[in-house]
Amino acid sequence: MAQIGIDKMSFFSPHQYIDMTELANARNEEPGKYLIGIGQTQQAVVPPTQDVVTMAVNAADQILTPAEREEIDTIIFATESGIDNSKSAAVYAQRLLGLSPYARTIEMKQACYAGTYGLMQARDYVALHPGAKVLVMASDIARYGLHTPGEVTQGAGAVAMLVTENPRILTINRDNQFMSRDVMDFWRPVYAEEALVDGKYSAEVYREFFRDLWARYKEKTGLAIDDFKAFAFHLPFTKMGLKALRDILPEADEAKQALLLTEFEASRVYNKRIGNLYTGSVYLSLYSLLENSTTLTAGDRLGIFSYGSGAEGEFYSVELQPNFRDGLVTGQMDQLFDSREYMTIPDYEENFMAGLHGATDREFDITKDPAKFVLAGLKDQQRVYLAH
Ligand code: HMG
């Protein structure tokens with residue numbers, strides 16, 4: 001069977017951020033709790049001119065050639081902070097990116113897990129349709145509310161992945177282990193802009209799912225921790241992945257434990273500064289690992305753990321390809337972090353209180369947003385997207 005996987009990968013997050021030491025001070029918490037206990041140093045802030053559609057197309061636009069825009073015949077959009085209960089965000093993305101009209105477009109939802117389902121659908125589709133190219137986007141705004149325990153774990157961003165045969169970055173192994181269970185750890189009723197969460201319970205369920213799937217994976221494949229060069233975890237906050245990794249570290253010797261912890265640090269460099277981006281979170285961690293690890297080489301096996309509240313989890317492995325960094329957008333993350341605008345906590349609170357667009361027709365000031373694709377406003381209950 002053909003080798004299938006991620007050929008190219010790109011990331012986008014809005015141009016504003018807040019500092020977690022300042023948020024801790026404003027919430028009468030010790031900065032150490034946010035910086036180390038939670039593992040976040042900064043948090044992306046979403047201006048009114050960005051939503052899940054603009055973030056996803058801002059990411060995808062950076063990797064697609066004109067030929068690929070014609071060739072892609074399936075567009076999968078994973079999100080849990082969608083903009084419409086009927087129309088798929090993928091249809092907007094198709095138009096804005098200038099993709100072929102002869103493509104299927106679909107939006108998928110299962111909390112933070114849907115990006116992984118989308119990726120596996122893409123892999124299986126390409127396996128059945130040799131030569132096909134599938135665009136998978138995972139885009140979200142994580143929003144809990146001011147003065148809530150979840151506030152420090154907010155964030156936003158999008159990952160775009162092109163899935164093809166003979167991919168540049170990695171091939172996806174057919175060793176997936178997955179499970180679902182009806183759990184009320186985190187949810188967002190259709191009338192709510194902010195997530196509801198049983199925070200400590202959600203972290204327990206995450207770890208239970210990981211331990212269960214890891215045990216099942218080892219049993220089904222005969223592989224062990226030594227077969228893995230590194231892991232990328234869903235990172236709702238970066239300490240969460242560390243807790244999961246520590247659950248299995250005793251299976252390795254001391255030297256291997258040190259190596260896995262070093263790779264884990266590489267896998268959370270970006271997530272620490274962006275925050276949670278739900279569906280895209282585990283893939284931002286993968287991106288971070290690929291760019292920041294100094295030891296990864298072709299042929300390495302990486303373990304990926306995807307978790308979505310509610311709950312669904314999946315563990316699978318991938319194999320790195322020669323010159324895997326050629327599939328990433330060089331300098332993209334440095335440029336984002338170098339140019340991001342710092343925001344004060346009062347300004348962030350005001351931005352937050354304005355809410356997520358609502359139903360009233362209005363125009364937004366797009367001159368302050370440097371992103372190519374922006375939401376210019378709402379007119380006749382329709383979103384007005386522009387490229388500038
Ligand atoms: P909390 O109760 O405010 O925090 O909320 P805490 O009291 O548990 O403290 C956090 C950590 O900081 C603890 O470490 C403290 O010891 C430590 P731990 O025991 O966990 O290792 N700490 C310090 N460390 C250093 N210096 C100090 C200091 N003080 C304390 N001075 C909670 C934490 C995660 C519950 C909250 O932020 C929350 O509810 N977050 C949202 C839910 C969440 O992210 N859950 C994760 C699992 S569910 C998931 O991943 C799915 C999700 O992405 C959604 C989806 O699928 O769609 C969320």
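Nothing in this text is a laboratory measurement; each read-out follows from the coordinates by a stated rule. Quick caveat: nothing in here was measured; it's all calculated off a predicted structure. Note: ideal-geometry Cβ built from the backbone for every residue, glycine included; neighbour counts use all protein chains shown.
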Take the alpha carbon gyration tensor of the chain, find the square roots of its eigenvalues, order them as a ≥ b ≥ c, and report rounded if a/c is under 1.5; if not, report prolate when a/b exceeds b/c, else oblate. oblate
Show me the chymotrypsin sites (Phe, Trp or Tyr not before Pro) within the range 29-121 that DSSP assigns to loop and that have at most 16 other Cβ atoms within 10 Å of their Cβ. TYR102
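Using mean Cβ contacts within 10 Å as the protection proxy, how do 229-236, 16-23, 321-328 order, highest first? Present the calculation step by step, with values, prior to reporting the outcome.
Numbers: 229-236: 27.1, 16-23: 19.9, 321-328: 15.8.
The packing order, highest mean first, is 229-236, 16-23, 321-328.
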Can you give me the C-alpha center-to-center distance between the range 129-169 and the range 1-59, rounded to a whole angstrom? 11 Å
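For the range 172-323, take N as its residue count and report Rg(C-alpha) divided by 2.2 N^0.38 Å.
On the way: Rg = 15.3 Å, N = 152, 2.2 N^0.38 = 14.8 Å.
Expressed relative to 2.2 N^0.38 Å, the Cα Rg reads 1.03.
Beyond 16 Å, what share of the Cα-Cα pairs of the range 292-381 is found? Please give it as a whole percent. Before the final figure, lay out each step's value.
On the way: 3081 of 4005 pairs.
Counting every Cα pair in the range 292-381, those more than 16 Å apart make up 77 percent.
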Beyond 17 Å, what share of the Cα-Cα pairs of the range 95-137 is found? Please give it as a whole percent. 37 percent
Amide H partners (placed H, <5 Å) of PHE231, local residues excluded: GLY303
Starting with the highest mean, order 212-222, 308-318 by the number of other Cβ atoms within 10 Å, averaged over the residues of each peptide. 308-318, 212-222
